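Engineer: I am attaching a structure below and will ask some questions about it afterwards.
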Amino acid sequence: MTYSAIRVRETPGEPGSGRTGVAVIGFGIAVAGWVSFGRHLFGIGGDLTIVYATTLGILFGVVFVLVGLAMRRTQTRGFGTRPITHAMLISSGVCAFLLGLMIPDNTPEGLQTIVSGPNEPALGIAIGIANPLGVIGIATGIIALVLAVKESRGRITLVESWGDDKDAAPAHAAETTAS
């Protein structure tokens, strides 16, 4: 018995328009803007905005844009996107939103976050929660990217094919005796 791997469509059908991927790209740009510049909407933007924009903002933006492009390619090729990919993408977006609320910025009054202002111990708690939110948000975004790229290539299904075992034995025996 031999096995061969072939690519098959998960659900045969017409290729889609790719609108979901375009929406993910737009959402990713909004998430990157929120993490980078969201504190300015509340009047507590400060010196760290440039640092956040060049690190976290670009990272979240790139990951979400690449996921959106992969999801668009998946739809236009007629393949389906699994729910786990959507779940990872949504969890990354939720973590990024919460990160934007709790990430501190350096203002003339000192460090402040949107949820705590300059008040302790809420400030320390918000800063303590912001770091894991950023790590989890980036990690789930990368997982969503890997899944989306894999899905854009099609699902691999093993197809079993039966071979004649009698034909294979003499060929193997001839190789053994020739050596």
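Engineer: Examine segment 34-52 for a residue that is part of a helix (DSSP H, G or I), of a type in the set (Ser, Thr, Tyr) and in contact (Cβ under 8 Å) with a residue 24 or more places away in the chain, and state whether such a residue exists.
Structural biologist: Let us first name the residues in segment 34-52 that are part of a helix (DSSP H, G or I), namely 34-42, 49-52.
Next cut, of a type in the set (Ser, Thr, Tyr) only: 36, 49, 52.
Filter again for in contact (Cβ under 8 Å) with a residue 24 or more places away in the chain, leaving 49, 52.
Yes; the residues of segment 34-52 include at least one that is part of a helix (DSSP H, G or I), of a type in the set (Ser, Thr, Tyr) and in contact (Cβ under 8 Å) with a residue 24 or more places away in the chain.
Engineer: Which pairs have Cβ atoms under 8 Å, sit 6 or more apart or on different chains, and link a residue in segment 126-155 that is touching a residue at least 24 places away in the same chain (Cβ under 8 Å) and open to solvent by 20 Å² or more (accessible area, probe 1.4 Å) to one that is of a type in the set (Asp, Glu) and not in a helix (DSSP H, G or I)?
Structural biologist: ARG155/GLU10
Yes or no, residue by residue, for (1) of a type in the set (Val, Ile, Thr); (2) assigned to a helix (DSSP H, G or I); (3) open to solvent by less than 80 Å² (accessible area, probe 1.4 Å); (4) at pLDDT 90 or above:
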position: GLU10; (1), (2), (3), (4): no, no, yes, no
position: ALA30; (1), (2), (3), (4): no, yes, yes, yes
position: VAL62; (1), (2), (3), (4): yes, yes, yes, yes
position: ALA70; (1), (2), (3), (4): no, yes, yes, yes
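Engineer: A further question follows. Which count do you get for residues in segment 82-125 that are at pLDDT below 90, outside any helix (DSSP H, G or I) and open to solvent by 40 Å² or more (accessible area, probe 1.4 Å)?
Structural biologist: Number of matching residues: 9.
Engineer: Yes or no: ARG82 out of contact with any Gly (no Cβ under 9 Å at 6 or more places or on another chain) and charged (D, E, K, R)? Before the answer, list the steps.
Structural biologist: On the way: out of contact with any Gly (no Cβ under 9 Å at 6 or more places or on another chain): yes; charged (D, E, K, R): yes.
Yes.
Engineer: Exactly one condition in (1) under 27 Å from the mean Cα position of the chain (by Cα); (2) farther than 19 Å from VAL35 by Cβ; (3) not aliphatic (A, V, I, L, M) is false for ASN119; which is it?
Structural biologist: (1)
The values are calculated or read from the model by the stated rules, or taken from the named source; none is laboratory data. Keep in mind that what you see is a predicted model, and the values were worked out from it rather than measured. Cβ: placed from backbone, ideal geometry, glycine included. Neighbour counts: every protein chain shown. Ligands, DNA and RNA are stripped out before the accessible areas are found, and what is left, the full protein with its side chains, is counted by its heavy atoms. Shrake-Rupley method; radii C 1.70, N 1.55, O 1.52, S 1.80 Å.
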